[in-house]
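Read-outs throughout are calculated quantities, based only on the coordinates presented, and are distinct from any laboratory measurement. Predicted model, so just to flag it, every value in this text is computed and none were measured. Because the Cβ atoms are built from the backbone with ideal geometry, glycine has one as well, and the counts that use them run over all protein chains shown.
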Amino acid sequence: MKKAVNHSTVDLVSAIRNGDSSAEAALVKQFQPGLKLMLAAKIADYDAVPDLVQETLSAVIFAIRDDKIREPKRLAGYIQQTALNQIKSFYRKSARISTNQEDLLSSQTADQTTPVTQIQRAQTRKTLYQLLNQLKIERDRELLLRYYLKDEDKETLCKDLSLSAEHFDRVLHRARKRMKALLEEHPEIRELLMPEER
Amino acid sequence: MTVSNDQTNFETIDAYLRGELSPDDEAAFEIQLLEDPELQDEVEAAILLKKLLSETSTVPTQKKPRGRVTGKTLLNFAAAASFAWAAFATVLLINQSQEDNGAAIRTIELAPSRSAPSDSRRLYISDEMELLNLKIDLSGRAGTDQPSPLAYMVELTPLDDAQAKSYMRKFPDATAESIEWGIKTRDITASEYHFEVRGIYQGAEVSIIDQNFEIIKRE
C-alpha cells in the first residue's frame, strides 16, 4: 500500500530553506499519511481532518522557509506540536460555532450531498455490512461493538462474555486484518470513512 | 517509547486511540506515527474499524444509553446540549479540601457551576507533591434529557508562556459521573493556564468548563 521513500528530514529542511518547491511536495507526501491518522484519532469530526492536515503542513513549511526550525532532525516533533496547536484552534472555533444559534439553524438546512453521492454511499455501506457479516459469531460482533464503540475495557468484556484475553486479542486481530484486506480491495470505503483532502 | 513487536503494537495502539497513554508516551507515539509507515497501516486499520462499526452499528449493547447522535439530528442535539450546558459553563467551583501536609498526591475537585464568572484562580503545588489530580464532577447532567457526549476532552493550556507545556487528554467514558486526570507536578511550569473541558459530539464540540488558573509553586 501507498508507501513512499522517506527523505532525511535534515535534507528536506535544507532544500526547502533553499527554495526547492519539490522538497515541499516531498515533505507533504512523507508526513501527510501519519498526520492524517493522528488528527483522525484526536478529533470527532472526520470531515475536518483534511483541512487540519493542510493547515498544519502549510504552517510547518512556512516555519521552515522562515528559518524557524532549529533542529531539523526533530522535524516530526515540530509537526506533532503544530498539529496539536491546530487542534486547539479547531476546538475553540467549534465551541464558538456550536453556541451560535443562527449558524446552527442555517447549517441544518444545507444538505450538500448529491443524489449520486448518496447512492455511492449506500453501496459502500452495503459492502461494509458484508464485512461485518463475515463475523459469524454474534459474540465476536458484540465484542467489537462494545470495545470500539462503547469504549468498554478489555477486562470487563472478557468477564461479561466469558472470554480469555487471548481470544479477545484474536478477535480484534482478525477484524483488523479483514479491515486492511477490505481497504485494499475497496478504496472507496476508506474515502467514505475518512474523506481525502479536497 | 517506541512501538516494536505485534503485541506491543496492538496494546499501545488501542491505548492511544482510547486516550489512555501518558502525555509523554502519547507524544512519542505520535512522532513515531508520523515517521513509521508500518505503524500507520496498523493505526489506520484500527481507526477505520471503529469508524466502520459506528457507520453500520445496529446492535444494542448492555451499557446504559449514551444518546449517540448521527446524521441530520446531530446539530439539533449539539445545539440543545450546548444551550443546556451553557448555564453551567462559565465558572468552576473549586474544592481544595485535600490534605496538603506533604501529601504526594493533591486532588483538586472541580465542578461546573451556575455562579457568576470569576477571575483567574490560584492553584498551589509544591516540590513534595508528585501528582496534581484534577477530579471533575460531571454528575450535574444526570437526570436531564440532554444527550451524552461521545467523550470528554480536557485541556490545560499555558497563556502567553512559551516555556510552559500544554496538556490534553481525551476521556472516552462519557457516561462517567466524574473524570480524574493526574498530572506529574515535576512537569508543570508555574504559570497562568487556560483550563477547558469539552463534550465531544459527532461533528461538534461543546464547552462545559472554561476557566483560567494560575499555578503557583510553593517552596
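Put simply, the amide H of B:I216, placed in the peptide plane, has neighbours under 5 Å in B:L123, B:Y124, B:I125, leaving out anything fewer than 5 places away on its chain. Placing R0 at 60 angstrom, the Cβ-Cβ distance between A:S162 and A:S8 gives a FRET efficiency of 0.70 after rounding to 0.05. For the pair B:E11 and A:E191, a Förster radius of 35 Å applied to the C-beta separation gives a FRET efficiency near 0.75, rounded to the nearest 0.05.
Partner shielding of B:25-38 amounts to 6, given as the average count of beta-carbon atoms from other chains within 10 Å of each residue beta-carbon.
Distance in nm between label sites at B:S139 and A:E71, each 7 Å beyond Cα in the beta-carbon direction? About 4.5 nm, to one decimal.
A cut-off of 5 Å between modelled amide H atoms, ignoring neighbours fewer than 5 places along the same chain, links B:H194 with B:T157, B:L159, B:F213.
Once the other residues with Cβ under 13 Å from the Cβ of B:L21 are scored (Lys, Arg +1; Asp, Glu -1), what is the net sum?
Values: positive: A:K42, B:R18, B:R169, B:K170; negative: B:E11, B:D14, B:E20, B:D24, B:D25, B:E26, B:E30.
Result for the local shell: -3.
The phi-based Karplus calculation (6.51 cos²θ - 1.76 cosθ + 1.60; θ = phi - 60°) puts the 3J(HN,Hα) values of region A:11-26 at 5, 4, 4, 4, 5, 5, 4, 8, x, 7, 6, 5, 5, 5, 5, 5 Hz, whole numbers, x for Gly and Pro.
For the listed residue pairs A:K36/A:K180; A:K29/A:K180; A:K42/B:K135; A:K42/A:K88, the alpha carbons are over 19 angstrom apart in A:K29/A:K180; A:K42/B:K135.
Modelled this way, with points 7 Å down the Cα-to-C-beta line, the labels at A:Q54 and B:I105 are 4.6 nm from one another. With both labels modelled 7 Å from their Cα along Cα-to-Cβ, the A:N18 to B:R121 distance reads 5.6 nm.
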